[in-house]
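As structure tokens, the structure follows; a few thoughts come after it.
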């Protein structure tokens, strides 16, 4: 059985600033961070939206903006955190993680050929995992497998094959549901493949009403829109929702 269950809160940064400029942009990010930490979230995933990308790498100005935000935000981060530069800019993710002493990086796909559904341009991601891990430098690598909630899979392969391959390269694997949480049977199959001592997570419209069956099987869950006011992605993080979730997961 898994040990303590970790709730990971997603802090999503817009790819660019609006008319309010950097002070407003930074303040919104800091407020979200504060509410997550004060509410008891044990780990934070800091990522950009990724919509502006024309290939797997984020636009240079997006990476620069994340750098600016992290410089100001890091002194206020009091929990372990991961960085993801979307869609799949692992080079920038590792660079920022090294620079700002993050615990590691998050990748939506590592071993699966996929195309993100959220980008304005058509993007195909087809990586060599061996090349990716050359950039680790002691950092942890978390990856999703067959992330069908925001990606189209471009090759038909069994989940078991993806899990077993990802297990060779990543320090943690996350099983994702397509239109909701993954089936409990799917998560149990993944646990059997990776073993009891390996970090296994779940994601996909998780909330305080559906998370309970996964506690004790998975080591962590990734929470996104549920943590925001009214459960809407465009709204700020809600301290009440974070607190209620952490009471439910028992940490």
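Within the option set 147, 203, 218, being under 20 Å from residue 45 (Cα atoms) and touching a helix residue (DSSP H, G or I) at 6+ places or on another chain (Cβ under 8 Å) holds for one residue only, 218. Scanning the stretch 137-164 for residues that are more than 18 Å from residue 189 (Cβ to Cβ) and either over 17 Å from the mean Cα position of the chain (by Cα) or surrounded by fewer than 17 Cβ atoms within 10 Å (Cβ to Cβ) (or both) yields 137, 138, 152, 154, 155.
Within the stretch 235-251, the set of residues being touching a residue at least 60 places away in the same chain (Cβ under 8 Å), within 21 Å of residue 25 (Cα to Cα) and within 19 Å of the chain's Cα centre (by Cα) comprises 236, 237, 238.
Within the stretch 192-202, can one find any residue that is at pLDDT below 95, surrounded by fewer than 21 Cβ atoms within 10 Å (Cβ to Cβ) and under 18 Å from the mean Cα position of the chain (by Cα)? Checked the stretch 192-202: no residue is at pLDDT below 95, surrounded by fewer than 21 Cβ atoms within 10 Å (Cβ to Cβ) and under 18 Å from the mean Cα position of the chain (by Cα).
Collect the residues in the stretch 75-94 that are in contact (Cβ under 8 Å) with a residue 12 or more places away in the chain, out of contact with any strand residue (DSSP E or B) (no Cβ under 9 Å at 6 or more places or on another chain) and closer than 21 Å to residue 237 by Cβ, keeping them in residue-number order. Result: 76, 78. Has the stretch 114-125 got any residue that is in contact with a strand residue (DSSP E or B) (Cβ under 7 Å, 6 or more places away or on another chain), crowded, with 21+ Cβ neighbours inside 10 Å, more than 26 Å from residue 68 (Cβ to Cβ) and modelled with pLDDT of 95 or more? Scanning the stretch 114-125, I find at least one residue that is in contact with a strand residue (DSSP E or B) (Cβ under 7 Å, 6 or more places away or on another chain), crowded, with 21+ Cβ neighbours inside 10 Å, more than 26 Å from residue 68 (Cβ to Cβ) and modelled with pLDDT of 95 or more, so the answer is yes.
Taking each residue of the stretch 166-186 that is free of Cβ contacts under 8 Å to residues at least 60 places away in the same chain and on the phi < 0 side of the Ramachandran plot and looking for partners that are assigned to a helix (DSSP H, G or I) and buried (at least 21 other Cβ atoms within 10 Å of the Cβ) with beta-carbon atoms closer than 8 Å, six or more apart or interchain, yields 169/132; 173/163; 173/166; 173/190; 175/163; 175/190; 181/214; 184/214.
The values are calculated or read from the model by the stated rules, or taken from the named source; none is laboratory data. Note that the coordinates shown come from a computational prediction; the quantities given were computed from them, not determined experimentally. Ideal geometry is used to build each Cβ from the backbone, glycine not excepted, and the neighbour counts take in all protein chains shown.
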